[in-house]
Number of protein chains: 2
Amino acid sequence: MPVGWSTLVAVSTARAYHHGNLRAALVDAGVQVVREHGAAGADAVALRDLARRVGVSHNAAYRHFADREELLGEIAGVGMTALTEAIAARLATLGEPDAVRAARLALREIGRGYVAFALADAGLFRLAFAAYPSLAGAPAMEPELEATVEASPFGQLNRALDALVEVGYLAPDARPGAEFTCWSLVHGLAMLFLEGPLQRLGPAERESIVEGALAAIDRGFGGTTGGAWPPLG
Amino acid sequence: MPVGWSTLVAVSTARAYHHGNLRAALVDAGVQVVREHGAAGADAVALRDLARRVGVSHNAAYRHFADREELLGEIAGVGMTALTEAIAARLATLGEPDAVRAARLALREIGRGYVAFALADAGLFRLAFAAYPSLAGAPAMEPELEATVEASPFGQLNRALDALVEVGYLAPDARPGAEFTCWSLVHGLAMLFLEGPLQRLGPAERESIVEGALAAIDRGFGGTTGGAWPPLG
DNA sequence: CGCAGATGTGGCCACTGTCAACATGCCCGT
DNA sequence: ACGGGCATGTTGACAGTGGCCACATCTGCG
């Protein structure tokens, strides 16, 4: 390499990677690649390609990641937090005074946000779940894992369901297990839209299906306390 | 290659593939590979490996499949019919005299069969849906596609829901869209068990979750006609 | 100032999908 | 009956990949 090469890189990418940002740069590039290739974007991320994009020779990545899967896991983490934040952003804009309606709207909004993110960021969404297996390697890291779950769509969902009970909309004895039912429903919707036979549906049809499913949840999925409440509209 | 080589192959593998069974043999081998590697088995199927197993040189497959994806699509088809048959087999053993209970049990059994197959045959199940995109190439083959849908888990589900309406258990105005809600629910369960954060659950916990979700469906998912019916037990 | 450890490089291997050119054997029309 | 045509299978090559190895280089610390 001629003189000035590393300087050029340093200038164009803010400090030479020798300073420690190679790992982050690779993950960033990976996220970008996954996003470029819509669904099934995970298969499109190649270690060597990422290294090329970052301006580093192949093999350099092996100083920061054990193997390709570890890098994918990191990207998946980015995707998961992105999903969480997308849902949180939606929840933040709700602002409903009535407590019962607020809790019901929150649950619905989580579902909407979940599916919307899956459709908008298909690659990241699928990777976020496909790469979770790698996280299943460590058996006994209870505390940290607990925190991870708390700050995840699953945590948001659990809090919303608890709120529904507190507010008196959801019967306490219908609460256990409701999180899995709700989660499965929206996750199934997302997956069927992304890779199932439902992927050719138009936006309007998709929205209709999503709203129908979310209405079913609100209507008495886990068993509401009664029929005293009108539909959300 | 010395003389006798092709003869040997012909003898050892039951008639030379020149006779037209190469395509089927490749698909069979592919199914086996997918089954060997539990989940994510689709990534494990390599054209060259399959050719090797079948005892044929690489590239021979290109006389029967345009590319790897087409072969995967064929394997996916096998998986989809296997799923359909697994569900049908469960439905056949039901034999409930009461019409209402029969319809409700059928719906529940479809859900059970769906999830059970996904867990038992993870590779085939995931491939069956992951490779559906390839099927999305032809836009206007309406009649044949209709038949395909009819003879699929989706068709079975639709018939079960129609039966629930006929029998008076499900309100007719709650019928539209119910198929998507039900399907999403079981599909979501399957996917979360297979590749989501729920994959480390034990069989007992899984079954509990599945039964809870299916009970929620029976209890009034799409809106039953009333609370006159006791739980299935 | 100099050395050790972190970081990045180049070469190599096995493997894959895919294309192009070549060989082989079966079937059908004359 | 036979010979050519065509489907089928083979060989070889190319570009790409993940993953190891031994080597170079830079950095920070004693």
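No lab work stands behind these numbers, since they all come straight from the coordinates. Bear in mind the structure is a predicted one, so any value in this text is a computation, not a measurement. Heads up, the Cβs are rebuilt from the backbone with ideal geometry, glycines too, and the neighbour counts pull from every protein chain shown.
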Rank these for me by crowding, A:Val54, A:Val167, going from fewest to most other beta carbons within 10 Å.
A:Val167, A:Val54
For residues of B:207-216, the mean tally of beta carbons on other chains within 10 Å
5
Reciprocal of mean inverse Cα separation for the stretch B:74-220 (Kirkwood radius, Å):
16.1
Work out the charge dipole of the stretch A:14-220 with +1 on the Cβ of Lys and Arg and -1 on the Cβ of Asp and Glu about the Cα centre, then indicate which of A:Gly77, A:Ala51, A:Val186 is farthest towards its positive end.
A:Ala51
Final fewest-first order of A:Arg206, A:Arg68 on the 10 Å Cβ neighbour count is A:Arg68, A:Arg206
Consider the operator that turns chain B into chain A: which B residue has a Cβ nearest its axis, and what is that gap in Å?
B:Gly188, 1
Residue by residue, what Karplus-based ³J(HN,Hα) values in Hz, rounded to whole numbers, does the stretch B:89-102 have, using 6.51, -1.76 and 1.60 with θ = phi - 60° and x for Gly and Pro?
4, 5, 4, 5, 8, 6, x, 10, x, 5, 5, 4, 4, 4
Dipole of the stretch B:74-220, Cα-centred, from +1 at each Lys and Arg C-beta and -1 at each Asp and Glu C-beta, to the nearest 20 debye?
460
Can you work out the FRET efficiency for the pair A:Ala120 and B:Ala46, with r the C-beta to C-beta distance and R0 = 45 Å, to the nearest 0.05?
0.85
Using Cα pairs closer than 8 Å and at least 6 residues apart in sequence, work out the relative contact order for the stretch A:14-220, in percent.
22
